[in-house]
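Asks: Please read through the structure below; I'll follow up with questions.
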């Protein structure tokens, strides 16, 4: 099965935000075309491409639609065939590290010292833990050949 292409849009050249998101989605599709994908995945991607191709450039929420479709494609390929973009796990674990590790560490430090002003000191600790865990998972994905030649930038 062949993956469909995004149509060329001349009107988005004026809006840099829309243009950069559209270009980023194109890069994702290019990286996916280099891989051998199951027909189910290609069909899913084609549905999203058709949806984007049918949306008018002048619609108010075109940039949002691009981003939502890109996220859906990334989630689907990660869930179904374990392909991930570069730094996918690092970005995910950064937020998880702050919430799951940093906040409890900060609360524990604040409670132990009797100074709740130390609550914020746990956040960078959690951030560091999240970056380390996520980076190691990204490295594992790279070594196993599950990492795309694409990185989500915005």
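Asks: Would a scan of the stretch 31-49 turn up a residue that is touching a strand residue (DSSP E or B) at 6+ places or on another chain (Cβ under 7 Å), touching a residue at least 24 places away in the same chain (Cβ under 8 Å), surrounded by 14 or more Cβ atoms within 10 Å (Cβ to Cβ) and closer than 30 Å to residue 122 by Cα?
Replies: Checked the stretch 31-49: no residue is touching a strand residue (DSSP E or B) at 6+ places or on another chain (Cβ under 7 Å), touching a residue at least 24 places away in the same chain (Cβ under 8 Å), surrounded by 14 or more Cβ atoms within 10 Å (Cβ to Cβ) and closer than 30 Å to residue 122 by Cα.
Asks: Another question about this same structure. Mind checking whether some residue in the stretch 52-64 is surrounded by 19 or more Cβ atoms within 10 Å (Cβ to Cβ) and over 30 Å from residue 143 (Cβ atoms)?
Replies: yes
Asks: While we're here: For the stretch 1-14, give me the residue count where each residue is surrounded by 11 or more Cβ atoms within 10 Å (Cβ to Cβ), in a loop (DSSP other than H, G, I, E, B) and over 23 Å from the mean Cα position of the chain (by Cα).
Replies: The number of residues fulfilling the criteria is 2.
Asks: So, in the stretch 15-30, how many residues would count as being over 19 Å from the mean Cα position of the chain (by Cα) and touching a residue at least 12 places away in the same chain (Cβ under 8 Å)?
Replies: 1
Asks: Sort out for me the helices (runs of 4 or more DSSP H) sitting completely within the stretch 59-137 that have 1 or more residues that are in contact with a strand residue (DSSP E or B) (Cβ under 7 Å, 6 or more places away or on another chain) and touching a residue at least 24 places away in the same chain (Cβ under 8 Å).
Replies: 62-81
Asks: Output yes when any residue across the stretch 97-106 is under 19 Å from the mean Cα position of the chain (by Cα), farther than 19 Å from residue 154 by Cβ, surrounded by fewer than 19 Cβ atoms within 10 Å (Cβ to Cβ) and modelled with pLDDT under 95, and no when none is.
Replies: Yes, the stretch 97-106 contains a residue that is under 19 Å from the mean Cα position of the chain (by Cα), farther than 19 Å from residue 154 by Cβ, surrounded by fewer than 19 Cβ atoms within 10 Å (Cβ to Cβ) and modelled with pLDDT under 95.
Asks: Looking only at the stretch 142-154, which residues are part of a helix (DSSP H, G or I) and more than 21 Å from residue 24 (Cα to Cα)?
Replies: 143
The values are calculated or read from the model by the stated rules, or taken from the named source; none is laboratory data. The model shown is predicted, which means the values in this text are computed figures rather than measured ones. FYI the Cβ positions are ideal-geometry reconstructions off the backbone, even for glycines, and counts take in every protein chain you see.
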